[in-house]
Amino acid sequence: MQKKIPMRQCMGCRERKPKKELIRVVRTPEGHVQLDFGGKVNGRGTYLCLNPECLKKAMRSRALERQLETEVPQEVYDRLAREMEGTNG
């Protein structure tokens, strides 16, 4: 019997993809926003594809802010952009 693959929705393109193919952005209980590569950090999370276009769409529509219910610092967006360049380049 095949194991069920957890699916999550990208906040940029709105497509459902396997959780392992996405980057998780988390608002911790203390209110900090950070990237979570292991998927284990406590807090409210949302996901983005590894596609830089999805990051641009999410920034334009402020999707991460809405999902996390807080302001996302520019450093988090910069780190996301660097991570995406590293995986696609």
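The values are calculated or read from the model by the stated rules, or taken from the named source; none is laboratory data. All values derive from a computational prediction rather than experimental measurement. Heads up, the Cβs are rebuilt from the backbone with ideal geometry, glycines too, and the neighbour counts pull from every protein chain shown.
Below are the figures for this structure:
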| item | result |
| --- | --- |
| Selection status of ALA58, in contact with a Cys (Cβ under 9 Å, 6 or more places away or on another chain), without any contact (Cβ under 8 Å) to a residue 60 or more places away in the chain and assigned to a helix (DSSP H, G or I) | yes |
| Which listed residue is in contact with a helix residue (DSSP H, G or I) (Cβ under 6 Å, 6 or more places away or on another chain) and without any contact (Cβ under 8 Å) to a residue 24 or more places away in the chain, from PRO29, PRO6, PRO52 | PRO6 |
| Output for the range 16-44, where each listed residue is surrounded by fewer than 12 Cβ atoms within 10 Å (Cβ to Cβ) and outside any strand (DSSP E or B) | LYS20, PRO29, GLU30, GLY31, PHE37, GLY38, LYS40, ASN42 |
| Positions within the range 32-49 being touching a residue at least 24 places away in the same chain (Cβ under 8 Å) and over 8 Å from the mean Cα position of the chain (by Cα), in sequence order | VAL33, GLN34, ARG44 |
| Scan of the range 1-13 for residues that are surrounded by 13 or more Cβ atoms within 10 Å (Cβ to Cβ) and of a type outside the set (A, V, I, L, M), ordered by number | ARG8, GLN9, CYS10, GLY12, CYS13 |
| Residues satisfying the stated conditions in the range 47-65, i.e. surrounded by 19 or more Cβ atoms within 10 Å (Cβ to Cβ) and among the small types (Gly, Ala, Ser) | ALA58, ALA63 |
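The rows are residues; the columns are (1) small (Gly, Ala, Ser); (2) in contact with a Phe, Trp or Tyr (Cβ under 7 Å, 6 or more places away or on another chain); (3) at pLDDT below 95.
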site: GLY38; (1), (2), (3): yes, no, yes
site: GLY45; (1), (2), (3): yes, no, no
site: LYS56; (1), (2), (3): no, no, no
site: MET59; (1), (2), (3): no, yes, no
site: LEU68; (1), (2), (3): no, no, no
